[in-house]
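**Q** Sharing a structure, written as structure tokens. Questions coming.
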Amino acid sequence: MRRGFTLVELLIVTMTLPFVVIVLDLLFSNLVRDIPRLSRVVQENTTVINMLERMRGDVDMAKGLPRSFGNHASGDKILLIEQAEGTVCYELREGEVVRFKVAEAGTRDESQTTIWSVPNSNVSWRVWERGGVTYAVEVSTSIRHKLRQKVQQKMSNSHVYFAGALGAIEKG
């Protein structure tokens, strides 16, 4: 019995080994590059979910969704939520969502401010109205994710939260 490799076996190994190394290098470099990027996307989505959970709690305790309060008016960038303890305001800014209480005089109560940093997120809301009464808010979110020079929308969601004004609509 002979021991060792033939010349043909050595040539086959030396021809295929570079291709295997190239494939493994591409796989490894993509893995090393994508894990931190995807981790940031998941982290931002977690921040958005925390903001939505807080907003849901505020809307659940709402007496109504006023169109204006003090010097604040509801719209694309501001959402007002009237509660028994006062009025809560959500404000969309560039790369963040800010929640604060509005004092009776219409001024901002800085002691109760929460800021969610969401630089790569799209957050929007729309207040639902029927018969002149606002009764729900629809919140749409997504995360902008850049992959190979293309911007994609990931983790798109739409949530509808009903306020305490729903009972007034059913009676009317």
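The values are calculated or read from the model by the stated rules, or taken from the named source; none is laboratory data. The model shown is predicted, which means the values in this text are computed figures rather than measured ones. Neighbour counts run over all protein chains shown; Cβ positions are idealised from the backbone, glycine included.
**Q** With the structure loaded, tell me whether residue 160 is modelled with pLDDT of 85 or more and either more than 21 Å from residue 45 (Cα to Cα) or part of a strand (DSSP E or B) (or both) or whether it fails that test. Spell out how you get there, then give the answer.
**A** Values: modelled with pLDDT of 85 or more: yes; either more than 21 Å from residue 45 (Cα to Cα) or part of a strand (DSSP E or B) (or both): yes.
Taking the combined requirement at face value, the residue satisfies it.
**Q** What residue, of 127, 97, 102, 88, is of a type in the set (A, V, I, L, M), more than 30 Å from residue 35 (Cα to Cα) and in contact with a helix residue (DSSP H, G or I) (Cβ under 6 Å, 6 or more places away or on another chain)?
**A** Numbers: 127 fails: in contact with a helix residue (DSSP H, G or I) (Cβ under 6 Å, 6 or more places away or on another chain); 97 fails: more than 30 Å from residue 35 (Cα to Cα); 102 fails: in contact with a helix residue (DSSP H, G or I) (Cβ under 6 Å, 6 or more places away or on another chain).
Testing whether each residue is of a type in the set (A, V, I, L, M), more than 30 Å from residue 35 (Cα to Cα) and in contact with a helix residue (DSSP H, G or I) (Cβ under 6 Å, 6 or more places away or on another chain) leaves just 88.
**Q** If you don't mind, there's one more thing I want to ask. Under the condition of being charged (D, E, K, R) and under 30 Å from residue 152 (Cα atoms), which residue from the stretch 40-59 is modelled with the lowest pLDDT?
**A** Kept after step one, since they are charged (D, E, K, R), are these residues of the stretch 40-59: 40, 44, 53-54, 56, 58.
Filter once more, so that each one left must be under 30 Å from residue 152 (Cα atoms): 40, 44, 53-54, 56.
On the way: 40: 87, 44: 91, 53: 95, 54: 95, 56: 93.
That would be 40.
**Q** Do you know which residues across the stretch 113-127 are crowded, with 16+ Cβ neighbours inside 10 Å and either at pLDDT 95 or above or more than 20 Å from residue 84 (Cα to Cα) (or both)? I'd like the intermediate steps shown before the answer.
**A** Quick first cut of the stretch 113-127, residues crowded, with 16+ Cβ neighbours inside 10 Å only: 116, 118, 120-121, 123, 125, 127.
Selection gives 116, 118, 120, 121, 123, 125.
**Q** Which residue, of 5, 19, is of a type in the set (Phe, Trp, Tyr) and at pLDDT 90 or above? Let's see the steps before the verdict.
**A** Details: 5 fails: at pLDDT 90 or above.
So the residue among 5, 19 that is of a type in the set (Phe, Trp, Tyr) and at pLDDT 90 or above is 19.
**Q** Turning to a different aspect of this structure: Could you list, ordered by first residue, the pairs with Cβ atoms under 6 Å in which the first is in the stretch 63-77 and closer than 17 Å to residue 130 by Cα and the second is acidic (Asp, Glu) and surrounded by 15 or more Cβ atoms within 10 Å (Cβ to Cβ), at least 6 apart or interchain?
**A** The qualifying pairs are 63/82; 64/82; 66/82.
**Q** What is the residue count in the stretch 128-164 for residues that are surrounded by 13 or more Cβ atoms within 10 Å (Cβ to Cβ) and touching a His at 6+ places or on another chain (Cβ under 6 Å)?
**A** Of the residues in that region, 2 qualify.
**Q** Hey, another quick one. What tally of residues in the stretch 1-39 results from selecting those that are farther than 30 Å from residue 152 by Cβ and of a type in the set (Asp, Glu)?
**A** Restricting attention to the stretch 1-39, the residues satisfying the condition of being farther than 30 Å from residue 152 by Cβ are 1-21.
Subset that is of a type in the set (Asp, Glu): 9.
So the answer is 1.
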